[in-house]
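The values are calculated or read from the model by the stated rules, or taken from the named source; none is laboratory data. Values in this document were obtained by computation on a predicted structure and should not be read as measured data. Backbone-built Cβ (ideal geometry, glycine too); neighbour counts: all protein chains shown. Accessible surface is based on the protein model in full, side chains and every heavy atom, while ligands, DNA and RNA are left aside. Shrake-Rupley method; radii C 1.70, N 1.55, O 1.52, S 1.80 Å.
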Amino acid sequence: MVKDNIVKIKERVALVCSKANRDLSDIKIVAVSKGRGIEDMKEAVACGLTDIGENRVQEAIAKYNELRTGEPANRRTIEWHMIGHLQANKVKDAVRIFDLIQSVDSLSLASEINKEAQKINKVQDILVEIKTSPEITKFGLKPEEAPEVIKEISGFNNLNIKGLMTIAPLVSNTDYARPYFRLLKELRAKINDSWHLSMGMTDDFEVAIEEGADIIRIGRGIFEG
Ligand SMILES: *Cc1c(COP(=O)(O)O)cnc(C)c1O
């Protein structure tokens, strides 16, 4: 089932790339496996989706440990993405396992991650989460405060900012999500045009790719149906 779903998702990604004149090889699909079982995750990895997204640290650690004991070929290639709100008391564990923390939503969290990364001599890759729709999502920097805060985050020696992330509101027509994605792209243009844009989920990834996403986060489209 997971395998068939992935084939379909990849076809849709390829189609929108060709329509939107985007390079297919530029798009990274993160398989969002929160709440899913380890067997389904193994199937996704076997299908070549080696980027795994989780939103809770404890759940991620359990899965991380389980997948690490599997085939060497599997564990070598997996990259772990933290995509949920990170509490200060979970930062230490998060820094230990995640390759990319996509949900850095405040200066104080960035500071905490920097501190823990320093302790283990790691430079932690992060994305800064932006609240592109004030009414819907709870977490993220406001677009108007983002440039200033990001400048401060850039000063942390053990953080490497790789880009921006956003969650668009749920809308009845995915075209309505477009302004939020566009806003993230415009913000990037003001700060660093080489940065990644993590935006787009099962229902809206096509519009996100049209608007410049190069990291999409797919859960239901891979693990359900
Ligand atoms: C759950 C989740 C996703 C995946 O959502 P689907 O609609 O299942 O594709 C993507 N990003 C974040 C931040 C999530 O929490």
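Sequence-ordered 3J(HN,Hα) estimates for the range 26-37 from the Karplus curve with 6.51, -1.76 and 1.60 and θ = phi - 60° stand at 7, 9, 9, 9, 9, 7, 8, 10, 4, x, 9, x Hz, glycine and proline given as x.
Note on the chain: with a GNM built from Cα contacts shorter than 10 Å, the maximum mean-square fluctuation among ARG56, ARG68, ARG182 falls on ARG68.
Using the alpha carbon gyration tensor of the range 1-85, what are the three equivalent-ellipsoid semi-axes (square root of 5 times each eigenvalue), largest first, in whole Å? Walk me through the numbers before you get to the answer.
Working: eigenvalues 121, 40, 27 Å².
The answer is 25, 14, 12 Å, longest axis first.
Which net charge results when you count Lys and Arg as +1 and Asp and Glu as -1 among the other residues whose beta-carbon is under 11 Å from that of ASP204? Intermediate values should be presented prior to the final figure.
Numbers: positive: ARG178, ARG217; negative: ASP175, ASP203, GLU206, GLU210, GLU211.
Counting the neighbours of ASP204, the net charge comes to -3.
Sorted largest first, the spans of the alpha carbon positions of the range 56-176 along the three principal axes are 43, 38, 23 Å.
Solvent-accessible surface of the range 1-129, taken per residue with a 1.4 Å probe and all protein chains present: 50 Å². Over the range 142-225, accessible surface divided per residue gives 46 Å², non-protein components excluded, 1.4 Å probe. Apolar share of the accessible surface for the range 89-225: 47 percent from carbon plus sulfur atoms, 1.4 Å probe. Computed over the chain, the per-residue total of -39500 (n - 2.57) for DSSP H runs of n ≥ 4 gives a 222 nm mean residue ellipticity of -12500 deg cm²/dmol, rounded to 500. The alpha-carbon positions of the range 128-225 define a convex hull whose volume is 108 Å³ per residue.
More than 30 Å apart: what percent of Cα pairs in the chain qualify? Within the chain, distances greater than 30 Å cover 21 percent of Cα pairs.
Work out the length of the dipole vector of the chain about its Cα centre, built from +1 on the beta-carbon of each Lys and Arg and -1 on the beta-carbon of each Asp and Glu, and round it to the nearest 20 debye. Before the final figure, lay out the partial values.
On the way: 33 positive and 35 negative charges, 87 e Å.
Its charge dipole is roughly 420 debye.
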